[in-house]
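Data block below; observations after.
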């Protein structure tokens, strides 16, 4: 079926050469999410995890890599418990305070 545009009207030509009016449907995709990410609850969870994990730790550059990985996994697991079905990206950096 070939398409032709004519004076603002959308028409199509079928295999027999007849003009057929093309049906235009509304968009079916969603522009906004069904639910927003719960920032307040996530911030509380992140603060709790970080406070519990880093409570009495001192900065040690040799252990920071494994500490960042375990923090990332703990935060991910606690965010999943919020029953949020959204993708999220986290970036964790541990450094000594100046």
Determine whether segment 12-34 contains at least one residue that is under 30 Å from residue 71 (Cβ atoms) and within 36 Å of the chain's Cα centre (by Cα).
yes
Exception for residue 22 within (1) in contact with a strand residue (DSSP E or B) (Cβ under 7 Å, 6 or more places away or on another chain); (2) loosely packed, with under 11 Cβ neighbours inside 10 Å falls at (2)
For segment 52-80, name all the residues that are within 17 Å of the chain's Cα centre (by Cα) and touching a residue at least 24 places away in the same chain (Cβ under 8 Å).
75, 78, 79
Among strands (runs of 3 or more DSSP E) lying entirely in the chain, which contain 3 or more residues that are at pLDDT 80 or above?
19-21
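The values are calculated or read from the model by the stated rules, or taken from the named source; none is laboratory data. Remember, predicted model here, so these are calculated numbers, not experimental data. Virtual Cβ from ideal backbone geometry, glycine too; neighbours counted across all protein chains shown.
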